[in-house]
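A short write-up of the structure that comes next.
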Amino acid sequence: MMIGVDTETRPETRIIPGRDDALIIVDVQNDFLPGGALAIDNGDAVIAPLNRLAKLDFGCVVATQDWHPANHLSFHAQGGAWPAHCIRGSAGAAFADALDTGPITHIIRKGVRADRDSYSGFFDNSGQFSTGLDGLLHALGIRRVLIGGLALDYCVAATARDAARLGFTTLVIEDACRAVDSGNRQIHAQLSSETIMLISSPDIIGA
Ligand code: VGL
Ligand code: ZN
């Protein structure tokens with residue numbers, strides 16, 4: 001059915017969360033918030049919309065955690081691109097205090113091997129090692145995933161691309177994300193493909 005006049009840039013969307021939908025909360029951890037080791041501008045702004053969304057009737061609410069050993073290859077001291085962050089078990093790796101962890105049904109830890117990085121919540125960056133998230137979602141009968149968190153241009157993007165490739169209907173909730181490079185407009189165009197839809201939380205009934 002054709003709808004509306006301004007549907008070319010943003011298709012009209014009314015999303016009703018149900019049992020075959022998963023909410024995936026990506027890396028809402030202290031080190032990615034203002035004051036953290038790898039702080040993302042306004043990273044804490046994702047928490048309020050995610051807390052509202054997590055209360056809705058999803059089949060599961062998955063939270064990912066970047067969970068690195070102290071000698072992780074992504075750290076500057078190892079020749080990597082990032083300052084040391086999200087060291088497993090540290091305060092920086094903990095979920096943000098303001099994140100309501102009550103509705104979270106499953107926690108997926110990633111980047112756990114010293115010799116691999118994993119932006120995606122599904123696989124390491126080489127695609128070789130699964131976190132088990134794909135099998136979990138399939139076992140729970142999930143068909144559609146709604147994704148928010150940090151950072152839009154790294155771990156959210158990688159998680160969304162894998163979800164779409166794996167056959168899940170994939171929605172990225174823009175106002176529930178913040179990017180490392182907030183000036184990068186390309187990421188929005190890259191993400192709004194035929195297989196990934198950018199939505200905002202007011203599109204979701206009840207949020
Ligand atoms: C992330 C850089 C390094 C992220 C994780 O969560 O987007 N970015 N590790
Ligand atoms: Zn990391």
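Each of 55, 110 was scored by other Cβ atoms within 10 Å of its Cβ. Listed from fewest to most, they are 55, 110.
For a modelled paramagnetic label at residue 114, 7 Å from Cα along Cα-to-Cβ, the residues of the range 120-148 in reach, with backbone nitrogen under 20 Å, are 124-126, 129. Dividing the helix sum by the residues of the chain, where each DSSP H run of 4 or more adds -39500 (n - 2.57), gives a mean residue ellipticity at 222 nm of -4000 deg cm²/dmol.
Relative to one another, the C-alpha centroids of the range 184-203 and the range 163-182 are positioned 7 Å apart. The shape of the chain can be summarised by an equivalent ellipsoid whose semi-axes, obtained from the alpha carbon gyration tensor, come to 27, 18, 17 Å from longest to shortest. Annotation: extensible slack from residue 107 through residue 41 equals 21.3 nm (criterion: 0.36 nm per residue apart, minus Cα-Cα distance).
Expressed in nm to one decimal, what extension gain is obtained for the pair residue 71 and residue 188 from 0.36 nm per residue of sequence separation less their Cα-Cα distance? Extra length available between residue 71 and residue 188 comes to 38.8 nm. Among the DSSP beta bridges whose two residues both lie in the range 7-203, what percent are antiparallel, rounded to the nearest 5? Antiparallel: roughly 5 percent of the beta bridges in the range 7-203. Note on residue 200/residue 138: beta-carbon distance plugged into 1/(1 + (r/R0)^6) with R0 of 25 Å gives a FRET efficiency of 0.35. Ordering of 183-195, 39-51 by packing is 39-51, 183-195, highest average first (other Cβ atoms within 10 Å, averaged per residue).
Every Cα-Cα pair in the range 24-125 was counted, and those over 15 Å apart are 61% of them.
Any read-out appearing in this document is the output of simple, stated calculations on the displayed coordinates, not a laboratory observation. Predicted model, so just to flag it, every value in this text is computed and none were measured. Don't worry about glycine lacking a Cβ; one is built from the backbone with ideal geometry, like all the others, and counts go over all protein chains shown.
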